[in-house]
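The values are calculated or read from the model by the stated rules, or taken from the named source; none is laboratory data. The shown structure was predicted, so the numbers you read here are calculated from the model rather than taken from an experiment. Quick reminder, even Gly has a Cβ in these numbers, built from the backbone with ideal geometry, and neighbours come from all protein chains shown. With ligands, DNA and RNA removed, areas are computed over all heavy atoms of the protein, side chains included. Shrake-Rupley method; radii C 1.70, N 1.55, O 1.52, S 1.80 Å.
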Amino acid sequence: MTDVTRRLFMHAASVAAAAVSSGASAGTRVAGPVRVIASGNGASATQKAWELLQEGLDPVDAVVGGVALVEDDPLDNSVGYGGLPNERGVVELDAAVMHGPTHRAGGVASLQGIRHPAQVALKVLQRTDHVLLVGAGALEFARAHGFQEENLLTEHSRKIWLRWKETMSERDDWLPDPADAESPVADFFRRNSVLVEDTGRLRFRRPTGTIHCAALGAGGSMSCTTTTSGLAFKIPGRVGDSPIIGAGLYVDNEVGSCGSTGRGEANLQNLSSFAAVELMRSGASPEEAGMEVLRRIAKTTEQRLRRADGKPDFDISFYVMSKDGRYAGTSMYKGSKFAVTDERGTRLEDCQGLY
Ligand code: ASP
């Protein structure tokens, strides 16, 4: 890069960074729907983000502020503090943010020891010329920006991980605590197990979970974020869809936004959030777009991951909102909810199921 192009770049970056700071859109407001949607674990996040929008914050600041409540929550085992760890017992977080008006994005992957990865992702967007930082580099960057390191593994999450390790094989040397049969941890395992008909035994299904949150502000600005501890007990270094722009989230300010929770590998293989926004650009409603990406996933799922009836053996959900404020939640299987806050208040609504 020459000095001139560097100066031009620095100028463009500072203009864009200013636009991404809080309240940038407040002066250009026109009437329009104001709405925040999120995955089913995100009712507190949509409420908070809505309040921040009312205070005049930019939607990107509002969604990052909203999901911070869930990142902080030790009882949500899928995000931030208290998230379930990787197979070695270390919590590794993925997150990304995307800002509609500037089309800028930031993400972090395999980040350890920082409870608000969405805030670090926002810093990547605002304070670097990059989109994605991973692992040790992401941590170094977070430290440089003053984020405090801490142990994110709560006692509850540690005990769940330990029991998983002790029960996954009868051919290793780890044995579960026989006195543990009635504990909250044993209950967690029961709730996340399915009956295998052939053997009559319960099979533990590794829990998934994440929060996605998207906001439409009064001036028509859209932004979104996805933040997660990812697949429980993953191979260290595994990165899911959540920090990948186009997979776990995407927004085009002229069209709409989409984000996802559930099996990240399916989104990485189908770039589903990008696909859903492009389907809306071609005229699909949020619900049609969300259902079509589910059909594509169902069609391309490999045999190993299909149930006896041929359907995918995993769930995955999409949270889709169009520029004009229409919105939908769609899931592979009926039964999931998603959160909405708008002028009617905060509520959970049903996702439409493909099956
Ligand atoms: N999509 C996340 C991932 O694959 C996990 C989840 O949403 O449950 O990392």
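A compact table of results
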read-out: Residue count for segment 276-290, restricted to those that are surrounded by fewer than 24 Cβ atoms within 10 Å (Cβ to Cβ) and either within 16 Å of the ligand (Cβ to nearest atom) or part of a loop (DSSP other than H, G, I, E, B) (or both); value: 4
read-out: Selection status of Ala109, open to solvent by less than 30 Å² (accessible area, probe 1.4 Å) and not in a helix (DSSP H, G or I); value: yes
read-out: Inter-residue pairs, beta-carbon under 6 Å, first in contact (Cβ under 8 Å) with a residue 24 or more places away in the chain and within 13 Å of Val124 (Cβ to Cβ) and in segment 92-103, second in a loop (DSSP other than H, G, I, E, B) and among the basic types (Lys, Arg), 6+ apart; value: none
read-out: Search result, residues across segment 242-264 that are within 8 Å of the ligand (Cβ to nearest atom) and either open to solvent by 10 Å² or more (accessible area, probe 1.4 Å) or over 10 Å from the mean Cα position of the chain (by Cα) (or both); value: Thr261, Gly262, Arg263
read-out: Criterion (over 29 Å from Met222 (Cα atoms), assigned to a loop (DSSP other than H, G, I, E, B), open to solvent by 60 Å² or more (accessible area, probe 1.4 Å) and in contact with a Leu (Cβ under 9 Å, 6 or more places away or on another chain)) met by exactly one of Glu87, Glu149, Glu140; value: Glu149
read-out: Arg171 being open to solvent by 20 Å² or more (accessible area, probe 1.4 Å), more than 16 Å from the ligand (Cβ to nearest atom) and part of a loop (DSSP other than H, G, I, E, B); value: yes
read-out: Verdict on Gly82 being open to solvent by less than 10 Å² (accessible area, probe 1.4 Å) and assigned to a loop (DSSP other than H, G, I, E, B); value: yes
read-out: Residue among Ala289, Ala328 that is under 23 Å from Met222 (Cα atoms) and in contact (Cβ under 8 Å) with a residue 40 or more places away in the chain; value: Ala328
read-out: Residues of segment 329-346 classified as open to solvent by 10 Å² or more (accessible area, probe 1.4 Å) and in contact with a helix residue (DSSP H, G or I) (Cβ under 8 Å, 6 or more places away or on another chain), total; value: 1
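Yes/no per residue for (1) within 16 Å of the ligand (Cβ to nearest atom); (2) out of contact with any Ser or Thr (no Cβ under 7 Å at 6 or more places or on another chain); (3) under 30 Å from Leu52 (Cβ atoms); (4) open to solvent by less than 20 Å² (accessible area, probe 1.4 Å):
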| residue | (1), (2), (3), (4) |
| --- | --- |
| Val131 | no, yes, yes, no |
| Lys159 | no, yes, no, no |
| Glu182 | no, yes, no, no |
| Val194 | no, yes, no, no |
| Ala215 | no, no, yes, yes |
| Gly219 | no, no, yes, no |
| Phe233 | yes, yes, no, yes |
| Pro236 | yes, yes, no, no |
| Val239 | yes, no, yes, no |
